[in-house]
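Heads up, the thing below is written out as structure tokens.
Read the figures in this text as sums done on the coordinates, not as results from a lab. Computed from a predicted structure; not experimentally measured. In this analysis, Cβ positions are derived from the backbone assuming ideal geometry, glycine residues included, and neighbour counts consider all displayed protein chains.
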Amino acid sequence: MSEQDIRRVVEAIRVAETKTSGEIFCVVTRASSSYRLVPIAWAALLALFVPLLLIYLTNWPAGMIYLLQLAIFIVAAAILSLPEIRFRIVPKQVLHRRAHLEATRQFLAQGLHLTERRTGVLIFASTAERHAEIVADAGINAKVQAEFWNAVIVEMVAAIKDNRPGDGFVAAVERCGIILAQHFPPGSINRNELPNKVVIM
């Protein structure tokens, strides 16, 4: 997101939180994991099959086959480690699981579980994994169905795919603010328990 987008999202959080005692926080990360071992595993698997072919198709000595196997492993590991390739060879289930774990970790790291009425809401997106989700604390989750959060995410992702990440996050913040205001109005004292910010990692 651009600096202007970030300012728009922060302002949307500020406005939304004037109408609720809940807290909204946004985190955007470039990647939830480096997945460094995945290219090595694929390269090792590829190199493992090289001797089988060479033993049956050539008369090369074992030392030559070993050197070729080692070279193939090194080259394959280097190529598969390139970011534009690495994230494509990681299984989607692994990508989404890692992103979900990072979302949960950020929810705890940013202190959203420490709000007085357990009404913290994290809007999370991980670019490399192409994953977004909303993590809500127990207080709000007891009153809001998962389908609502999923619908908010679908709208946000659609805007991000349309190259409008700022619009997507602003809309998500506004919808979260509305549902929080319905169930957790501000009350007589509406103190801001967490800073209004977007964390870019």
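In degrees, nearest 10, range 0 to 90: what is the angle between the Cα axis of helix 92-109 and the longest Cα principal axis of the chain?
40 degrees
Taking only DSSP H segments of four or more residues, each worth -39500 (n - 2.57), what value at 222 nm results for the chain once the sum is divided by all its residues, to the nearest 500 deg cm²/dmol?
Numbers: 8 runs with 119 residues, N = 201.
After summing the helix terms and dividing by the residues of the chain, the value is -19500 deg cm²/dmol.
Report, in degrees rounded to the nearest 10, the 0 to 90 angle that the Cα long axis of helix 3-17 makes with the longest principal axis of the chain.
40 degrees
The list [x] 33, 23, 13; [y] 27, 22, 16; [z] 48, 15, 13 gives values of semi-axes √(5λ) of the Cα gyration tensor in Å, and only one came from this structure; which label was calculated from it?
Computing semi-axes √(5λ) of the Cα gyration tensor in Å and matching it to [x] 33, 23, 13; [y] 27, 22, 16; [z] 48, 15, 13 gives [z].
Can you pull the one-decimal nm distance between simple spin-label points at N150 and L57, each 7 Å off the Cα toward Cβ?
Simple spin-label model gives 4.8 nm for this pair.
For K143 and H96, FRET efficiency with R0 = 35 Å and r from the beta-carbon atoms, rounded to 0.05? Could the numbers behind the result be given before it?
Numbers: r = 26 Å, r/R0 = 0.75.
Efficiency for this residue pair is about 0.85.
Express as a percent, rounded to the nearest 5, the fraction of DSSP beta bridges in the chain (both residues included) that run antiparallel. The partial results should precede the final answer.
Working: 6 of 16 bridges.
Among the beta bridges of the chain, antiparallel pairing accounts for roughly 40 percent.
For region 77-116, evaluate the Debye formula with one uniform point scatterer on each Cα (no solvent term) and list log10 I(q)/I(0) at q = 0.27 Å⁻¹, rounded to two decimals.
-0.85
Report the percentage of all Cα-Cα pairs in region 38-78 whose separation exceeds 14 Å, rounded to a whole percent.
Working: 343 of 820 pairs.
Value for region 38-78 (Cα pairs over 14 Å): 42 percent.
Restricting attention to the alpha-carbon atoms of region 162-201, what are Rg (one decimal) and Dmax (integer), both in Å?
Using the Cα atoms of region 162-201, the pair Rg, Dmax is 13.0, 41 Å.
Test of understanding: extend the Cα→C-beta vector of M64 to 7 Å, then name every residue of region 24-52 with backbone N under 16 Å from that spot.
Only 51-52 pass the distance filter.
Highest first, please rank the peptides 173-180, 12-19, 77-84 by the mean number of other Cβ atoms sitting within 10 Å of their residues.
On the way: 173-180: 21.2, 12-19: 18.6, 77-84: 13.4.
In descending order of packing, they fall as 173-180, 12-19, 77-84.
Mind jotting down the distance between the C-alpha centroids of region 115-180 and region 63-103, whole Å?
31 Å
Sort 118-127, 36-45 by the packing proxy (mean of other Cβ within 10 Å over each peptide's residues), most packed first. Could the numbers behind the result be given before it?
Working: 118-127: 23.9, 36-45: 14.8.
Descending mean neighbour count gives 118-127, 36-45.
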